[in-house]
Each structure stands twice: as structure tokens, then as C-alpha cells.
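A quick write-up on the structure given underneath.
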Amino acid sequence: MHPTEFSNVRLLKEIAELINEETEIETMLSGALQRFLQGTNFETGWIFFISDKGKQQLIVSENLPEALAQNGCSQLKNGGCWCVSKYREGKLEKASNIIECQRIENVLAAKIGDNGGITHHATVPLQSGQERFGLVNVASPNTIIYSKGELALLESLAFQLGSAIKRILLTKQEQEMALLQERNRLAKDLHDSVNQLLFSVTLTARGGAEMTAQAEIKETFKEIQNLSQEALNEMRALIWQLRPSGLESGLLDAIKGYGEMLGLSVHSTISGVINVPSHVEEALFRISQEALNNIRKHAGVNFAEIFLTVTLSDVLLVIKDDGQGFLLNEGTRLSSMGLQSMKERAKNAGGSIEWDSEIGRGTEILVRIPY
């Protein structure tokens, strides 16, 4: 075996050992790309994820020259390139030399910083079997054409990365399935035990109130009935949160059903076609649950409005009520009204959330999640 081939095999083995230890995709890609650059003639690299709709996202980059790294890699995130166009058209099947890259050409024309001699790059699709994820791009200073050996090595890297991404995604799917099963089991246990016991207490208290003629005892039984009914409502809401038994009928139906279970009338307006990933749909449902809980507990009204707007790139959810409202400032603890949970759910889904509220003028919640 030629010394260079032996070195490449050892490099790929080291990368395989590195990525097999990682459980987060971005960390895995960053470490693998960094090690690849250290062991080859390539000096810089970046990886795009490209969705089925063609939307691209810069996931990781390593050793970028000043011109490409400026302003949060804005030059790499904007503009076009032959590699992205051919990838979207399904015509990029192997590692290739890129003769024209609009992004790099724009950087050179703008003269916004040192380009480190980077004028061209090589690219390879990132995939596992028929499932495609994006592109791996690498480059070297003052290099226009990369050799067949370099391109073959790049293809080997992409194969490893694609397999690792698939492994991590499958592992996360299994974890999510296990979590869903545990939620369902817990919801069933609560329904079959605690929920039924509370229902029995409610009936018993009602019967006790009807059986006695003494005013104080009757009042005591009615208080027990009211408290147990309130606890029963809380338990049903908790079961709904654990097991959203309505999403199979659609997001808006699930939100409206949950609102009705809380005793709220929910009016909905939709713009666009709802066809979003399941994790986005569940995040919106969970945020809506918390918002409706807050309306029932704090707003002092029994009516809420839901506006859902779906575009090609993101989803906007607006939840409004005309209740008591509240003051939200820098000194307000979000967790005091369950708002922190909503903020974290939006953030975990890659989105954002804002509140607009005034005392006596109700509350408006705006959630935006890209997909």
C-alpha cells in the first residue's frame, strides 16, 4: 500500500472513531471536519444542510478566511453556487470540482477582507442511502482543481458523515418514541387511577350534600365537591399534556379540543396549508396548551382567538385574549406564569416567542418557528 493511501486509511479510521462517540450532529460534524482538514491538504471547509424544499442552512464551518467568516459567515449564507443548484436538481451525485462559486466571487469582488487565497472549492453531497442531508464543501489556498485522490477521500468522509447523521437521527427517534410511550403509560395510569378516584369523590360529595338537611354539613360537602371537581379538571388537563389525543385530527382541532376541555371557547383563523414537521406541530400544540391554561387561570375570560399563518419557510401562531392582562418587564419572572416553559419550547424548536400585554387590555402571544 502506498504511504499516502495508508495515511488516508488511518485518517478515515480516526474520523470514524471520533464520530461514533458523538450523539449531537453539529458537534460530530465540527469535530470530523476539523480532523479531516488537519489530515489533508484542504485547509478550510463548511457544511450546509438543505431541506426537501431547498432551504439551506450553514451548520458548521472550520478555518474560514477572514472574508468568508465576516458578519457571522453572511457571505456563505447568501448568494448561489453551482453545487447548491445541482444538489437541488438532484444532479450532484459525487465529489466534484466547483469552477464557479457565486459566494466566493462576490467576496473577491467586494474586497471586504483577506480571502486567504480561497478562490474555488470542492463539494460532495451528504447522504445516507437515498436520504440526502446537504453538502460538504472544502477548499485550499490558491487551488483551482482538486485531484481525483482528494475527491475520493472527500467522498469517503461524506459517506461516514452521512451514516453518522442517520445513526444519530434514528437514536433520537427511538428516544422520542420511548418518551412518547412513557407519557402514554403515565397518562393511562393517571386516568385509570387518580382520575377515577377524583370523579368518585365528586359524586360522593354531591350525594352527601343531597342527603343532609344541616346547612353547615351541606356546605362542607359542596366545598368538597367544588375542590374535587377543580382537581379533576386539573388532572384531565395534565393527562392532555402528557398525551395530546387530538393531533391526529390536526393541530387546530387539537388546540380547540383542549380549550373546550378547559371550558374555553376558541375561535381559530388559518392562512396557508398546514404541512409542517411533527416536532414543530407538537411544539406549537404544547405552547398553545400553556397559553390556554394561563387564560383559564389568570385572564378572567372564557374566550380565546388563535391565528395560524403558514408560509414556505415558517409558521406564525398568534394567541389572543381580552382578559385582565399583565405587566411584563425586565424584573418579571417568566416562570411565574408558565411563560418560561413556552419560551424554552419555542427556542428548542428553533423559533422565537413574544408577548404583548397590558393590564385590562388582554394578552397577545406571537410564536414564530421556521421549518
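Solvent exposure of the chain amounts to 54 Å² per residue of accessible area, where only protein heavy atoms count and the probe is 1.4 Å. Dipole size of the chain about its Cα centre, with +1 on Lys/Arg Cβ and -1 on Asp/Glu Cβ: approximately 480 debye, rounded to the nearest 20. Surface composition of the chain: carbon and sulfur make up 50 percent of the accessible area, probe 1.4 Å.
Summarising the amide proton neighbourhood of THR44: residues at separation of 5 or more, or on other chains, whose placed amide H is nearer than 5 Å comprise ALA139. What percent does the relative contact order of region 255-371 come to when contacts are Cα pairs within less than 8 Å and at least six residues apart? Computed value for region 255-371: 27 percent relative contact order.
Estimate the FRET efficiency between GLU66 and ASP192 by the formula 1/(1 + (r/R0)^6), using the beta-carbon distance for r and 56 Å for R0, to the nearest 0.05. Intermediate values should be presented prior to the final figure.
Details: r = 64 Å, r/R0 = 1.14.
Approximately 0.30, to the nearest 0.05.
Please sort by residue number the trypsin sites (Lys or Arg not before Pro) in region 70-167 whose DSSP state is loop and whose Cβ has at most 12 other Cβ atoms within 10 Å. Mind dumping the intermediate values first?
Working: sites: LYS77, LYS86, ARG88, LYS91, LYS94, ARG103, LYS111, ARG132, LYS148, LYS166, ARG167; in loops: LYS91, LYS94, LYS111.
Passing both the DSSP loop test and the Cβ count: LYS91, LYS94, LYS111.
Only DSSP H runs of four or more residues enter the estimate; each adds -39500 (n - 2.57), and after division by the residues of the chain the mean residue ellipticity at 222 nm equals -17000 deg cm²/dmol. Projected label points at ILE99 and LYS77, each 7 Å from Cα along the beta carbon direction, are separated by 3.2 nanometres.
Between ASP314 and VAL9, the simple spin-label model (points 7 angstrom out along Cα→Cβ) gives 5.1 nm.
To the nearest 0.05, how large is the calculated FRET efficiency for GLU354 and ASN233 if R₀ is 51 Å and r is the Cβ-Cβ distance?
Working: r = 29 Å, r/R0 = 0.57.
The pair GLU354/ASN233 has a calculated efficiency of 0.95.
Between ASN275 and ALA178, the distance separating the two model label sites (each 7 Å from Cα on the Cα→Cβ line) works out to 3.4 nm.
Which entries in the list LYS13/LYS172; LYS13/LYS77; LYS53/LYS320; LYS53/LYS347; LYS86/LYS343 go over 27 Å, if you measure between the two C-alpha atoms of each? Show your work: numbers first, answer last.
Values: LYS13/LYS172 25 Å; LYS13/LYS77 31 Å; LYS53/LYS320 31 Å; LYS53/LYS347 22 Å; LYS86/LYS343 38 Å.
Over 27 Å apart, Cα to Cα: LYS13/LYS77; LYS53/LYS320; LYS86/LYS343.
Farthest toward the positive end of the dipole of the chain, out of ILE365, GLN160, GLY338, is the Cα of GLN160, where the dipole comes from beta carbon charges about the Cα centre.
The values are calculated or read from the model by the stated rules, or taken from the named source; none is laboratory data. Since the structure is predicted, the reported quantities are computational estimates derived from the model, not experimental observations. Here Cβ is always computed from backbone atoms with ideal geometry, including for glycine, and neighbour counts include all displayed protein chains. Note: areas computed on protein heavy atoms with side chains; ligands, DNA, RNA excluded. Shrake-Rupley method; radii C 1.70, N 1.55, O 1.52, S 1.80 Å.
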